[in-house]
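Engineer: Below are the structure tokens for one structure; questions will follow.
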Amino acid sequence: MTASASPRQTQNQKLMELLGMDRMSLSSKTRAAQSTSERWMRYLGFPGGILLFLLILYLPAGAGLSASAQAGAACFALALVWWVTEPFPTYLTSLVLMFLLLITRTSEPKAIMDVLGMEVIWLNLLAFILSSMLVKVRLAKRMALWLILKFGRKASWALMAFVIIQMVLAPLIPATAARAVMTLPLMIVVAAIYGASEENNNNFGRNLFLLNLVGISVLSSMTMTGSSANLIAVGLIQTMGGERVYYMDWVRVGAPIAIMATMMMWWLGQKLVFPIAAQDRLPQLEGGLGLVEQQYAELGPLRREEKKALAIFGLVLFLWMTDALHMGWFGVEISAPFAALLGAVLVLFPRYGVMQWAEAEIPWHLLIFSAGAYAGGLALDDTGAAEWGVRMLFGGMDLKGVPFGVSYTVIIAVMMYSHLLTTSKTVRTLILLPIIITMAKALGWPPIAFALPAALCIDWVVGLPISGKPNVILFSTNQYSVADNFKYGVLTCTLGVILLVVSGATWFHWLGLTPSFWAVAP
């Protein structure tokens, strides 16, 4: 009779299973509460969400706020409380939200159901097929082991390696969800080597996944092509503000801010926000890096399936990187979802592909979570609730006669934290940028002085798991809580506001973008 395995042996066995990387390891079960405060949040979140729903739904209608907008705000408030406190799995909350939108007559049935056909949902689905391909052929494992051998002797180096990866990918691949999915397998393996898993959360894992979230989102603001919302902002600045923003204009103001913020969060995260314990700063596997070297050697040279996967993924990356040139080349634009669709066809093609449909790890619970978040966000936008809230906020501010720096700081703060209220970067851009440009004209300032710095905030959607597509994807690993995400994300955004305000008074002023912070408009 063999003795039962020790906790250390059990942990090593789980780590070896993750290191084997036979699957993506995206569980649909609710993450276990990590502390007494989290357990109390779950107890109180259920009645708290219902109470807030009823309070908003039956409040006297506000000036200019329609009944449907008020109902939509009530439904979204309930879902937001439940998403944050997690009394139920996030996908179940999304399903409840979609049903509430129907029975309160906030949205039409077809509009709610059509969310599952949105481009972003298809992109998530197809990107996971491509990511499953990398796992199945062991190419993701090969890349992760190489990454650890080069940078993994210390936790801080491993984290820095991912900062560099995201910094390189950001200007090349505008689709943030695609960047999240293609690097997710690497994150899971590296987290496992440092003892972080779904069952065993630690601060290395929290730092790893949340720093990658910052890298994926914030570094998109380095260039105007970092996201489609950035390009919309550039168009609004030109059409409404009369100023053309060139590619290098954006890079000069956006890249230093994004890079500084990401590097500062790399340091602050592991030192102050989620300090990494001494025992978690080194690989946790028995045998350490020697075992990693052994597993890397066992992979041998690139196999035929790996070369196929590389070719397919390379083709998709090429199409993602060259989307602006497709119309001239092909007469049609192959958007990110359709590029991924082509890749999925090649991956699943009988005889010549690299895997079958049953081998694809598709987290349907994640897609349902996303669908509910988008249904709620679209309801806020379609009913006018989101725009009403923004206009009430700005309308209540009298910025006439105050120094430029005061108005600038208020606008940057509102733009930065507004992502906590709506899940769409495009919608935030379309609502807020015209208001900001119009306000600049009314106050007597050049529109670009407010609008371009505000546009740099568009991609900083890091506050909550529902704030963006990469947020949902990384949260599904169960490596951190909503509260962890909120704490890390709000600190990142606050740091961004500080950097943008300091830059507005110095760097942007020297570039001629902003006037003196103490100047008062005539």
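The values are calculated or read from the model by the stated rules, or taken from the named source; none is laboratory data. Please read all numbers here as calculations on a predicted model, not as lab measurements. All Cβ positions, even for glycine, are placed from backbone atoms using ideal geometry, and neighbour counts span all protein chains on display. In case anyone asks, the SASA skips ligands and DNA or RNA and just uses the protein heavy atoms, side chains included. Shrake-Rupley method; radii C 1.70, N 1.55, O 1.52, S 1.80 Å.
Engineer: Hey, got a sec? Which chymotrypsin sites (Phe, Trp or Tyr not before Pro) in the stretch 440-522 land in a DSSP loop and have at most 14 other Cβ atoms within 10 Å?
Structural biologist: The qualifying sites are Trp518.
Engineer: Next up: Under 8 Å for C-alpha pairs, at least 6 residues apart: give me the relative contact order for the stretch 196-264, rounded to a whole percent.
Structural biologist: Relative contact order, the stretch 196-264: 33 percent.
Engineer: Would you tally the net charge around Thr223, using a Cβ to Cβ cut-off of less than 13 Å, leaving Thr223 out, and scoring K and R as +1, D and E as -1?
Structural biologist: Taking every other residue near Thr223 into account, the sum is -1.
Engineer: For Glu199, what accessible surface area do you get with a 1.4 Å probe? Give it in Å², rounded to 10.
Structural biologist: So the heavy atoms of Glu199 present about 110 Å² to solvent.
Engineer: For Arg42, Arg303, give the ranking by accessible area with the largest first, probe 1.4 Å.
Structural biologist: Result, largest first: Arg303, Arg42.
Engineer: Let me ask something else about it. Kindly report, to the nearest 10 Å², the accessible surface of Tyr247 as traced by a 1.4 Å probe over protein heavy atoms only.
Structural biologist: 90
Engineer: Residue by residue, what Karplus-based ³J(HN,Hα) values in Hz, rounded to whole numbers, does the stretch 447-462 have, using 6.51, -1.76 and 1.60 with θ = phi - 60° and x for Gly and Pro?
Structural biologist: With the stated coefficients, the stretch 447-462 comes to x, 5, 5, 8, 5, 5, x, 5, 5, 5, 7, 4, 8, 7, 9, 10 Hz.
Engineer: Do any chymotrypsin sites (Phe, Trp or Tyr not before Pro) in the stretch 309-359 lie in a loop, going by DSSP, with at most 15 other beta-carbon atoms within 10 Å of their beta carbon, and if so which?
Structural biologist: When the chymotrypsin sites (Phe, Trp or Tyr not before Pro) of the stretch 309-359 are filtered for loop state and at most 15 Cβ neighbours within 10 Å, Tyr352 remain.
Engineer: What does the charge dipole of the stretch 207-363 about its Cα centre add up to, to the nearest 20 debye, if the Cβ of each Lys and Arg holds +1 and the Cβ of each Asp and Glu holds -1?
Structural biologist: 220
Engineer: In whole angstrom, how far apart do the alpha carbon centroids of the stretch 467-522 and the stretch 213-248 sit?
Structural biologist: So the separation of the two Cα centres works out to 15 Å.
Engineer: Now for a separate question. For the stretch 433-522, just list the percent of Cα-Cα distances falling in each 5 Å bin from zero outward, please.
Structural biologist: Histogramming the stretch 433-522 at 5 Å steps yields 3, 13, 18, 18, 15, 11, 10, 8, 4, 1, 0 percent.
Engineer: Distance cut-off 32 Å, Cα to Cα: go down the list Lys150/Lys308; Lys110/Lys469; Lys308/Lys469; Lys141/Lys271; Lys154/Lys469; Lys110/Lys136 and report the pairs above it.
Structural biologist: Pairs exceeding the cut-off: Lys110/Lys136.
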